[in-house]
């Protein structure tokens, strides 16, 4: 019995040893094959820069120079094992003009680079003379010698050090810009936006020389509707140079200077008037929603 047990134990030991040896050989073979594959030179480079119709900060040459050190460097002699693909992605995404980057290689040893640009929405000019763009995520984009888009302009932007205060101001700026862009008339009539008192805004019109005091971003659409009705009922009839200041900060009322307290009509429906056609051509703004009139102005907000 004992002899039989010994034979069985020796057999199991030999089987286990053989299995370990074969496994080790297999792992070594796979590692060697993988090493050989990685040591093969790249067969090509494919760079794609997305959002090129919406921005032109970077191109394929910029990307190649960023990851290879030169836009003209041949890739056929570069071994894949010498490239850190993750590090390449990180380096690309460190660019302020790039929002996302992907770098990978296929079985044919071709290197693929996919890059997404940041899209500027508005250009800001700060009170200390600097300038930069903001994208839809309120991220700062520096200016570029290669690309200068025509965008809404916001001036007198304060230089803030508090992140939460700065983000709140940027959010307010973006709200004003998008509201104006969504309306064809205001998109044509407002030439510039200025920041006053950090959280209030002033509009600079194309037609007329007035200061338009918008106040903060509360009731923004309503304020613009009141201004449109004022244009229709007053400004268009008595001329565009009569008033120096138009104050929209009061509810259901506009205060113009020289003195003219004007109450918004109960029905704010916008009718066609000649000067709108002069600005927009054949396009007409959509009717504004009706709102209740108020006999007295409420304090500015």
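The values are calculated or read from the model by the stated rules, or taken from the named source; none is laboratory data. It should be emphasised that the depicted structure is a prediction, and the values quoted were computed from it without experimental measurement. Here the Cβ is made from the backbone with ideal geometry for all residues, glycine too, and neighbour counts use every protein chain on show.
Close Cβ contacts (under 6 Å, 6 or more residues apart or on different chains) running from residues in segment 81-101 that are more than 13 Å from residue 62 (Cβ to Cβ) to residues that are exposed (fewer than 14 other Cβ atoms within 10 Å of the Cβ) comprise 81/39. Annotation note: of 180, 173, 190, the sole residue that is in contact with a helix residue (DSSP H, G or I) (Cβ under 6 Å, 6 or more places away or on another chain), over 17 Å from residue 256 (Cβ atoms) and crowded, with 20+ Cβ neighbours inside 10 Å is 190.
Of the listed requirements (1) within 22 Å of the chain's Cα centre (by Cα); (2) more than 25 Å from residue 204 (Cα to Cα), residue 172 misses just one: (2). Scanning segment 141-172 for residues that are assigned to a strand (DSSP E or B) and within 19 Å of residue 199 (Cα to Cα) gives 153, 154, 155, 156, 157. Note on segment 106-118: residues that are in contact with a helix residue (DSSP H, G or I) (Cβ under 8 Å, 6 or more places away or on another chain) and either surrounded by fewer than 18 Cβ atoms within 10 Å (Cβ to Cβ) or closer than 24 Å to residue 147 by Cα (or both) total 2.
In segment 75-87, the count of residues that are closer than 14 Å to residue 46 by Cα, outside the structural domain of residue 147 (by TED's automatic domain parsing), touching a helix residue (DSSP H, G or I) at 6+ places or on another chain (Cβ under 8 Å) and surrounded by fewer than 13 Cβ atoms within 10 Å (Cβ to Cβ) is zero.
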